[in-house]
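Working notes, structure below.
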Amino acid sequence: MAAGPMEQFAVHPIIPLEIGGVDVSFTNASLWMVIVVATITLLLTMAMSKSSMVPSRLQSLAEISYTFIADMIRSSAGTEGLKFFPFIFALFMFVLFSNMLGLLPFQLITGGAFHQFTVTSHIIVTLALALTVFAMVIVVGIAKHGFRFLTLFVPHVPWYMLPILTPIEIISFLSRPISLSVRLFANMLAGHTMLVVFGSFVVGLAAAGGALSALSVIPMLVIIGVTALEFLVAFLQAYVFAILTSIYLNDALHLHDH
Amino acid sequence: MQDIETTEGIVVPGEEHAEGGLPQMNAETYASQLFWLVLTFGFLLVVLSKVALPKIGSVIAARKDRITGDLETAERLRKEASDALAAYESALASARGRATTLADEKRKTVNAEMDRLKAAADAQTQTALTEAEARIEETRKRAAGHVQQVASEAAADIVERLIGEKVSSADALQAVQSIRG
């Protein structure tokens, strides 16, 4: 089939399944969610299987990610934010491994038999994660401060600025799940599309023959650069997702008094 | 019942892309994606919060405790060592002080003994000197007495020979004594 740059994002059913009239087929997207979760679980279990005082390489990797996220939460949401440590850690790991595993060229390794897929390149997934965070922030905020949670929308400014700034605060609060989900989704979409587009340049130029074939080296070099960049983006977006979650939680926990 | 519709509801690949739309915008996949996301992410969350994270946390905490404990032990041992050094130094100082005191006392007793012996020797010498002086004086006096007697006898003899007159020895002695003054 003609593999357009968007082909890689297509969702194909593997095992058809329906519950209560809703199509919940096990698709390649579902498969990759399972792969992501299994990889994280296996890595962490293996890392801690022989937990020792002097850690092995894998164990120190697990410990480093643990302290990395714990420190991040502590610095942005305080010790109170550590209540949400498992959730934020799971969120970070899920996004990170989705992003990273989607970059591995399984399609090349398996000769096209098995396609890589990036779970987080789908807006529905990132939006679901972002809305979970959003809902959690509201629930935590109301549970902790009750009606006073609404003062989050009243910034510390002279009173005559409030008619302007309060609606802005409300809009910015409501747009959080959108910006949070679109940021991750768009980054994954753009990066992967770019890789495939340059990949098709390589193939096209090489097939053109003559002097043009030699030119196919140029998009190949670009792919190498972009791939390196995408690995950075993959990590960065997972980090951004996690740190924004802790910052939003900080708002809910401490309102303006931080 | 609804099983028949199931197969019809499944997304067939290729159809959507033919229209040029993003696969991400195909709402028919949303239910499935959300369903499996809840399952997989929920599983991950449970495994992490119940098993993996507590284990990592406990290992890190145990290491921290161990390091703190080791540091405390090291600090305690260091303190013990410095206490021992201080005790040794104070013992050394007191021993040195006692040695000085002992030496001083010994010197004092030796000096006193020496002074005493010297004084005794001095006193003995003085006594011997005094006795010797007394003896010399006595001898001198006795010698002087002999001289007077010899002189008075000689004077009596001389007077008898010159004038033939006998002079008593008492007079002669008196005369000699008066001359000598």
Cleavage-rule hits, trypsin sites (Lys or Arg not before Pro), segment A:15-81, DSSP coil, Cβ neighbours within 10 Å at most 11: A:50
Shielding by other protein chains, A:127-133, mean Cβ within 10 Å: 2
Cβ crowding within 10 Å averaged over residues, with B:93-102, B:142-151, A:140-149 ranked highest first: A:140-149, B:142-151, B:93-102
Gain upon complete extension [residue A:60, residue A:145; 0.36 nm per residue less C-alpha separation]: 26.7 nm
Local electrostatic count, residue B:168, Cβ distance below 14 Å [Lys/Arg +1, Asp/Glu -1]: -4
Accessible heavy-atom area order of A:248, B:30, highest first, probe of 1.4 Å: B:30, A:248
Förster radius 41 Å - calculated FRET efficiency between residue A:160 and residue A:108 (Cβ-Cβ, nearest 0.05): 0.10
Chains B and A together, accessible area buried on both sides, 1.4 angstrom probe, square angstrom: 4100
Range in chain B, longest, excluding exposed GluC sites (Glu not before Pro) [loop by DSSP; at most 14 other beta-carbon atoms within 10 Å]: B:20-164
Packing rank of B:45-54, A:26-35, A:8-17, where each peptide gets the mean count of other beta carbons within 10 Å, highest leading: A:26-35, A:8-17, B:45-54
Potential lengthening between residue A:178 and residue A:45 on full extension [0.36 nm per residue; Cα-Cα distance subtracted]: 44.5 nm
Partner lysines for residue B:106 [C-alpha distance under 29 Å; skip if fewer than 8 residues away on the same chain]: B:118
Cα centre as origin, Lys/Arg/Asp/Glu Cβ charges: segment A:7-254 dipole, Debye: 420
Calculated FRET efficiency for the pair residue B:85/residue B:128, C-beta based, R₀ 51 Å, to 0.05: 0.20
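The values are calculated or read from the model by the stated rules, or taken from the named source; none is laboratory data. These figures come from a predicted structure and were not determined experimentally. Ideal geometry is used to build each Cβ from the backbone, glycine not excepted, and the neighbour counts take in all protein chains shown. When the accessible area is computed, the model is the full protein with side chains, heavy atoms only, and any ligands, DNA or RNA have been set aside. Shrake-Rupley method; radii C 1.70, N 1.55, O 1.52, S 1.80 Å.
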